[in-house]
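First comes the structure, then the notes that go with it.
The values are calculated or read from the model by the stated rules, or taken from the named source; none is laboratory data. All figures in this text were calculated on a predicted structure; none of them were measured in a lab. Counting neighbours? That spans all protein chains shown, and the Cβs are built from the backbone with ideal geometry, glycine included.
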Amino acid sequence: MKIVVIQQKRIGDVLTSTIICNNLKKKYPNSVIDFMCYPNCADVLKQNPNIDNIILLSNEKRKSIPSLFKFIFEIRKNKYDAVIDVYCKLETNLITLFSGAKYKVSYHKWYSSIFYNYNIKRVANGTKSELGLAIDNRLLLLKPFIQEPITDYKPKIFLTEQEIQEAKSRLSTFKIEQGVKPLIMFGIVGSEWYKTYPLKRMAKIIDFTVQKLDADIIFNYIPSQREEAYKVYELCATETKKNIHFDLYSNGLRSFLGLLSQCSILIGNEGGSVNMAKALDVPTFSLFSPSVDKETWQIFENLKENVSIHLKDIKPEIYIANDIKYIKENTFKYFEEYPLELLLEKLEQYFKDLNFLK
């Protein structure tokens, strides 16, 4: 069997969709399983033994109708038996329609039967889930292929021994001795403006963490975010700054994954870095944007290693009185509704549960 899984963008979404590949390869070990995504997401797929080929759809191909249709017919030449379209947007509707595959699988939409012969209804938003709806809904897409219960539902990132050793070497260069102090990465800048917890408050969380754990701190930022990251650094207490290794950052995603794999905890804005940490078995304490659907992305929070804060849990009345669009437009107003004292209290309990307190 020859299968292509499509999830074009967002690292967290792409990574989570790999559970489809992992389970298909287990069920059909002789199958060829390809994965289609945007180029900036490919690094989380590399070295995965359950993915045979990574197919990249660039912006240049997407934004030109002739180039897109040339790409579509190149995909058709691969003669896939099945297309599993997790992304389910117009470009992937067309890719699936013209693929020639026997199995065309995606989520149900009012028009989806035009493109797919297996239209799967998602679990309703608001449904409680131990795994998170992002996991539950992807597992549903396996129904046409796997009837027995699925137990392999955790995304995984695969690093080479060389990548791990390079990360350890970089830490050594910054005089970070593993096992002496906890090494904590802070995700201080969200992937979108509305996913970024106020910087002044983030600095207070970093101060609290150093005060409690005397941990080595590294920031997750890319060069284009350096200015914002430095604002957080400047807002931290003088004593805290001694523990922050500000210049230790990664230019590439694989390099970042190597560093992340060596961390004791990731603390910060919910998003791709949190999902990557979970896939590397690094404990996470994440801060949700008030407008992000917590039921979908609070994945694996049945484990003590993964804890999050969401305004909906603290002040549910806000969501009764206002719609999500309004809350998103007023993100920073609602971030102010997160009681910092309660957040720090929960963080301290998290440190105790993981046996990190001095």
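Answer with yes or no whether I3 is touching a helix residue (DSSP H, G or I) at 6+ places or on another chain (Cβ under 7 Å) and farther than 23 Å from I299 by Cβ.
Values: touching a helix residue (DSSP H, G or I) at 6+ places or on another chain (Cβ under 7 Å): yes; farther than 23 Å from I299 by Cβ: yes.
Yes; evaluated as a whole, the condition is true for this residue.
Please pick out the residue among E166, E177, E130, E148 that is in contact with a Ser or Thr (Cβ under 8 Å, 6 or more places away or on another chain) and over 30 Å from L90 (Cβ atoms).
Values: E177 fails: in contact with a Ser or Thr (Cβ under 8 Å, 6 or more places away or on another chain); E130 fails: in contact with a Ser or Thr (Cβ under 8 Å, 6 or more places away or on another chain); E148 fails: in contact with a Ser or Thr (Cβ under 8 Å, 6 or more places away or on another chain).
The conditions single out E166.
Which one is surrounded by the most Cβ atoms within 10 Å (Cβ to Cβ) among residues in segment 316-352 that are free of Cβ contacts under 8 Å to residues at least 24 places away in the same chain and of a type in the set (F, W, Y)?
Y319
For segment 90-133, give me each residue that is without any contact (Cβ under 8 Å) to a residue 24 or more places away in the chain, among the β-branched types (V, I, T) and more than 19 Å from Y153 (Cα to Cα).
Selection gives I114 alone.
Exactly one of (1) modelled with pLDDT of 95 or more; (2) outside any helix (DSSP H, G or I) is unmet by I75. Its number?
The number of the failed condition is (2).
Condition check ((1) in the same structural domain as N243 (by TED's automatic domain parsing); (2) surrounded by 12 or more Cβ atoms within 10 Å (Cβ to Cβ)) across all residues:
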residue	(1), (2)
I120	no, yes
T127	no, no
E148	no, no
K168	yes, yes
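(1) modelled with pLDDT of 95 or more; (2) more than 25 Å from Q211 (Cβ to Cβ); (3) surrounded by 15 or more Cβ atoms within 10 Å (Cβ to Cβ): which one isn't true of K312, the others all being true?
The number of the failed condition is (1).
Out of D152, D136, which single residue is outside the structural domain of N22 (by TED's automatic domain parsing) and touching a residue at least 12 places away in the same chain (Cβ under 8 Å)? First the steps, then the outcome.
Numbers: D136 fails: outside the structural domain of N22 (by TED's automatic domain parsing).
When all the criteria are applied, what remains is D152.
Here are some residues: R254, R226. Which one is in contact with a Lys or Arg (Cβ under 8 Å, 6 or more places away or on another chain), of a type in the set (D, E, K, R) and farther than 20 Å from L344 by Cα?
Of R254, R226, the one residue that is in contact with a Lys or Arg (Cβ under 8 Å, 6 or more places away or on another chain), of a type in the set (D, E, K, R) and farther than 20 Å from L344 by Cα is R254.
Of all helices (runs of 4 or more DSSP H) completely enclosed by segment 199-285, which ones contain at least 3 residues that are within 18 Å of the chain's Cα centre (by Cα) and either surrounded by 19 or more Cβ atoms within 10 Å (Cβ to Cβ) or in contact (Cβ under 8 Å) with a residue 24 or more places away in the chain (or both)? Show your work before the answer.
On the way: elements: 199-213, 226-235, 238-241, 253-261, 272-279.
Filter on segment 199-285 gives 253-261, 272-279.
State whether the residues of segment 6-28 include one that is assigned to a strand (DSSP E or B), out of contact with any Gly (no Cβ under 8 Å at 6 or more places or on another chain), of a type outside the set (D, E) and touching a residue at least 60 places away in the same chain (Cβ under 8 Å).
Looking through segment 6-28, at least one residue is assigned to a strand (DSSP E or B), out of contact with any Gly (no Cβ under 8 Å at 6 or more places or on another chain), of a type outside the set (D, E) and touching a residue at least 60 places away in the same chain (Cβ under 8 Å).
Could you list all residues from segment 297-308 that are modelled with pLDDT under 95 and buried (at least 19 other Cβ atoms within 10 Å of the Cβ)?
W297, Q298, I299, E301
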